Amino acid sequence: MRTTTSLARFRYKFSTIFKKVSKYPIFKKKGRKDSFYLEGNIEIKNNRIKLPIFGWIKLSEKIKDLKGVKNVRISRRADFWFVSFKTEAKKEKIKYAKNSFVGVDLGIKTLATLSNGMTFENKRPYKFYKRKLKIEQRKLSKKYQKNKSKKEQSKNYGKQQKVVAQLHYKIACIREDSLHKLTTYLAKNHVRIAIEDLNVKGMSKNHKLSSAILDGGFYEFRRQLTYKCEWYGSKLVVVDRFFPSSKLCSNCGHKKEKLYLSERIYTCEKCGLRMDRDLNASVNLAKHVVS
């Protein structure tokens, strides 16, 4: 039987459905974004956590002894189970260098080029594991067997499905790791950071560059940088997408009418400046912040 609180929630939910305020609830399908929520008596000691119903569970990493954790969320990614919870933490005080303004230009060959000359490598994990992923997915399609009477998949199909899921998870982890390192460095070491408001959805429509653009994780870069700037007290400046950062000369301000994607070295027709295209764009973004 349902408790009084759950019955009240159930009645409230269906009253909003009948009033056409919300839609009918869609139940979660097993195997897709598996997760559940627990609350109650929770303890954390070294590499173990005590959960309601389950009891003590061993973790793969050591965590400091914490008290006051009221609820946790258990989730699964590629046959790996994770536990997440909230806890209080002291705000880290950051000492910035004077006038530490920086412009960041995102690209395909290099993930980010800073106005101070620093570059961050684009690991492009999907491109690196593309062939292996293709082979494993082909194996998965060959192992598929459907029993017409029972409507079941073969056990070998389930095993191979885990192999493909783990490879996808590995690609995502490599991408997230490089983005977290880059955004943390930027937010911790600079007072103001300038980036372009990129139209990622429109850029990904180019079938020749879409794979490389999505592999870089441009949207995820901006999302991470936004909340990390709030954490560390730095300011993020998003420059308008129509600002011609690549076409402008960072030395004299002359604007080129046309600049092809194949031109990796920016050459100014007026002052004769020769500079890397991405570096020139990042310097223009940094000047836009200062002004």
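Values quoted throughout were computed directly from the atomic coordinates according to the rules given, and no laboratory measurement underlies them. No experiment lies behind these values; they were computed from the predicted model shown. Neighbour counts run over all protein chains shown; Cβ positions are idealised from the backbone, glycine included.
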Handout entry: Straight-distance crosslink candidates among aspartates and glutamates, where the alpha carbon sits under 12 Å from Lys255 and sequence neighbours closer than 8 are dropped
Key = Glu269
Fill in the blank from the handout: Counting as exposed only GluC sites (Glu not before Pro) in DSSP loop states with no more than 16 other Cβ atoms inside 10 Å, the longest exposed-site-free span of the chain is 153-256
Exercise for the section: Report the residue, chosen from Pro244, Pro125, Pro52, that carries the largest GNM mean-square fluctuation when the chain is represented by alpha-carbon nodes joined by springs under 10 Å. Expected result: Pro52
Handout entry: Anchor Lys256: lysines whose Cα lies under 22 Å away (excluding residues fewer than 8 positions away in-chain)
Key = Lys247, Lys270, Lys287
Exercise for the section: Please report the relative contact order for region 30-89, taking Cα pairs under 8 Å with a sequence separation of at least 6, and give it as a percent rounded to a whole number. Expected result: 33
Handout entry: Long-range amide H partners of Val237 with built H, under 5 Å
Key = Ile193, Ala194, Ile195
Practice task
Run down the aspartates and glutamates and flag those whose C-alpha is under 20 Å from the C-alpha of Lys201, throwing out any fewer than 8 positions away in its chain.
Solution key: Asp105, Glu176, Asp215, Glu220, Asp240
Practice task
Would you be so kind as to identify which of Asn47, Phe243, Gly216 lies farthest towards the positive end of the dipole of the chain, taking Lys and Arg as +1 and Asp and Glu as -1 on Cβ and the Cα centre as origin?
Solution key: Asn47
Exercise for the section: Using mean projected area of the Cα convex hull in nm² as the read-out, say which of [x] 16.1; [y] 25.1; [z] 23.7 was calculated from these coordinates. Expected result: [z]
Fill in the blank from the handout: Within the under-11-Å Cβ sphere about Trp56, not counting Trp56, Lys/Arg +1 and Asp/Glu -1 give a net charge of +3
Exercise for the section: Using DSSP to define loop residues, name the chymotrypsin sites (Phe, Trp or Tyr not before Pro) in region 137-229 whose beta-carbon has at most 10 other beta-carbon atoms within 10 Å. Expected result: none
Exercise for the section: Please build a GNM for the chain, connecting alpha carbons under 10 Å apart, and tell me which residue among Gly117, Gly103, Gly55 fluctuates the most. Expected result: Gly55
Handout entry: Net charge contributed by nearby residues that have their C-beta within less than 15 Å of Leu198 (K/R +1, D/E -1)
Key = -2
